[in-house]
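The values are calculated or read from the model by the stated rules, or taken from the named source; none is laboratory data. These numbers come from a predicted model, not from an experiment. Reconstructed Cβ throughout: ideal geometry from the backbone, glycine too, with neighbour counts over all protein chains shown. In case anyone asks, the SASA skips ligands and DNA or RNA and just uses the protein heavy atoms, side chains included. Shrake-Rupley method; radii C 1.70, N 1.55, O 1.52, S 1.80 Å.
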Amino acid sequence: MKRIETSRVVIVGAGLAAHYAALKLAPRPVLMISPEPLGKGASSAWAQGGVAAAMSPADSAAAHARDTVRAGAGTVDAQVALAVTEEARAHILDLTGLGTPFDRTETGDYVMSREAAHSFARVVRVRGDQAGAEIMRALTAQVREAPHIQVLEGLMASGLEVVDGTVRGVEVMRCDNGVSAPCLIRGAAVLLAGGGSGGLYALTTNPPRVRGQVIGMGARAGAVIADAEFVQFHPTAIACGLDPAPLATEALRGEGAILINRHGERFMRGAHPDAELAPRDIVARAVFAQTQAGLAPALDTRAALGARLLHDFPAVAAACAQAGLDPLTTPIPIAAAAHYHMGGIATDAAGQTSLSGLWACGEVTSTGLHGANRLASNGLLEALVYGRRAAVDIEAALGPMTGQCAPVTLPDLPDAVPPRADLVTPLRQAMTNGAGVIRTAKGLQSTLSDIAQIEAAQPDSVTLANMTATATLIAAAALNRCESRGAHFRSDYPESDGDTGDRSFLTLTDARAIARQETP
């Protein structure tokens with residue numbers, strides 16, 4: 001394997017957490033590894049809702065933290081929640097200064113929207129459903145201009161080099177036209193910010209390449225993974241046959257849109273006192289139940305928004321147009337789709353992982369903020385908070401800079417075999433079938449068996465190995481948790497073991513041991 005030495009901090013990923021961390025590391029030289037053109041293909045750019053922050057005088061960080069703890073179904077770290085929500089306002093102001101055009105009133109106040117399980121309207125947004133895209137556009141412009149940041153596009157990280165328990169480098173491969181053999185880049189430090197795992201499921205709202213690879217490569221290197229079983233399914237993906245499924249933002253329900261079935265019945269009224277604004281896990285299971293019963297759940301925006309949807313929520317309007325749907329005359333067909341992974345590489349308050357020399361931030365991590373059920377629009381907030389914290393901690397660990405740092409130039413790399421489509425498709429279907437919205441021991445054990453067979457069918461594909469590692473962790477952690485809590489629902493254990501619960505912490509070795517056990 002070819003090797004490159006650099007004094008740059010190597011950041012794996014190109015979403016919000018990666019961008020923000022790279023900017024906060026200035027003037028420390030940084031190398032960003034981005035599979036897609038910068039600003040494209042990251043879940044952050046697809047985020048419609050916005051950033052949750054207590055910006056109103058009537059609201060507070062403490063109230064935001066309480067809502068976070070309540071939504072998290074008993075496994076949120078309350079100290080983490082309060083610390084993160086106390087930082088939220090400062091990051092909104094920072095993003096504004098960096099050029100994000102947040103919606104403002106005529107008097108200059110931020111326009112706030114209310115989303116599920118929030119006690120206040122505290123989601124700062126851009127043109128209804130454009131927050132992620134506009135934040136990323138502003139930050140990408142800053143990254144492009146930053147002299148300390150080098151971006152290598154069309155590259156995907158595939159593994160970590162670990163020497164005596166310390167991460168020394170990242171293996172990367174070209175992925176713009178097929179897949180190349182890997183090349184090792186040894187840097188001053190490694191920060192993983194490579195997104196979540198939604199694409200491991202057959203029905204997802206995540207970008208096509210987001211399939212748990214970065215969590216998997218951390219796990220394969222020996223990192224501890226926390227809360228892997230907690231996968232959030234968004235209740236209002238647009239069911240139009242597209243992969244990935246377009247998203248109908250929760251802000252539509254915040255504006256008064258309702259959920260109905262093919263009989264015109266509002267099925268959420270009997271499911272929860274907050275009806276359409278109940279926590280996401282409850283709404284997702286209700287939508288899933290309607291789908292399973294053949295009742296064709298749909299999001300009805302006609303009375304609440306009417307023609308206003310077309311200009312206030314342009315992403316939703318465009319998705320409907322692409323799918324041949326007219327939301328002004330007909331309710332939007334919906335389904336519950338894999339959307340956000342609360343689990344990931346375990347980190348401390350500074351973004352440090354269990355492996356020396358390795359930091360992580362964003363959806364690839366589990367910090368204790370989300371618990372068993374992420375509060376809406378806390379995902380982008382966590383990316384900002386921990387992106388900055390990781391940058392500060394890396395800077396402190398590395399000490400003063402010395403000398404100049406030349407750009408990294410990759411050598412020519414020979415082609416390699418990509419993951420087989422006839423293995424990736426059944427992997428995604430197995431995860432949906434056994435580790436989806438509703439789970440059982442039998443279904444999870446079957447999924448784990450399927451994963452093992454798929455992994456063994458192409459042992460020379462490191463990309464597939466990273467995907468199957470994350471899939472194994474999700475299914476094994478779900479099998480190991482014999483209760484229902486938040487987004488993890490076991491129909492064979494439908495109750496929670498008390499109001500509060502323990503977080504799960506597993507290595508890949510632990511997960512494989514669980515997979516080898518008999519069904520409980």
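Quick notes on this structure:
- Pairs of Cα atoms farther than 16 Å apart, the stretch 358-403, %: 43
- Residues 36, 250, 86, sorted by accessible area with the largest first, give 86, 36, 250 [1.4 Å probe; ligands and nucleic acids excluded].
- Every Cα-Cα pair in the stretch 127-171 was counted, and those over 18 Å apart are 58% of them.
- Sequence-ordered 3J(HN,Hα) estimates for the stretch 175-184 from the Karplus curve with 6.51, -1.76 and 1.60 and θ = phi - 60° stand at 9, 6, 10, x, 9, 9, 5, x, 10, 8 Hz, glycine and proline given as x.
- Percent carbon-and-sulfur accessible area, the chain, ignoring ligands, DNA and RNA, probe 1.4 Å: 51
- Annotation: amide H of residue 179 within the under-5 Å range of 416, sequence separation 5 or more or interchain, hydrogens built in the peptide plane.
- Dimensions (Å) - the chain, Cα atoms, principal axes, largest first: 65, 61, 44
- Calculated [222 nm] ellipticity per residue, helices only, for the chain: -10500 deg cm²/dmol; basis is -39500 (n - 2.57) per DSSP H run with n ≥ 4, divided by all residues, nearest 500.
- Of 20, 340, 493, the residue with the largest accessible area leads and the full order is 493, 340, 20 (1.4 Å probe).
- Span-like helix ranges in the chain, DSSP H, alpha carbon extent 27 angstrom or more, Kyte mean at least -0.5: 78-97, 378-398
- Other residues whose C-beta falls under 11 angstrom from the C-beta of residue 200 contribute a net charge of +2, scoring Lys and Arg +1 and Asp and Glu -1.
- Computed with a 1.4 Å probe over protein heavy atoms only, the accessible surface of the chain comes to 37 Å² per residue.
- Zero-based 10 Å bins, Cα pair distances in the stretch 155-269, whole percents: 11, 31, 27, 16, 10, 4, 0
- Mean shadow area of the stretch 179-243 over all directions, Cα convex hull, nm²: 6.3
- Summed residue charge, Cβ within 15 Å of residue 55's Cβ, Lys/Arg positive, Asp/Glu negative: -3
- In this Cβ point-charge picture (+1 for Lys and Arg, -1 for Asp and Glu), the stretch 125-201 has a dipole of about 180 debye about its Cα centre.
- Sequence of 460, 492 from largest to smallest accessible area, 1.4 Å probe: 460, 492
- Vicinal HN-Hα couplings computed from phi for the stretch 336-342 (Karplus, 6.51 cos²θ - 1.76 cosθ + 1.60; Hz; Gly/Pro x): 7, 10, 4, 10, 8, 9, 6
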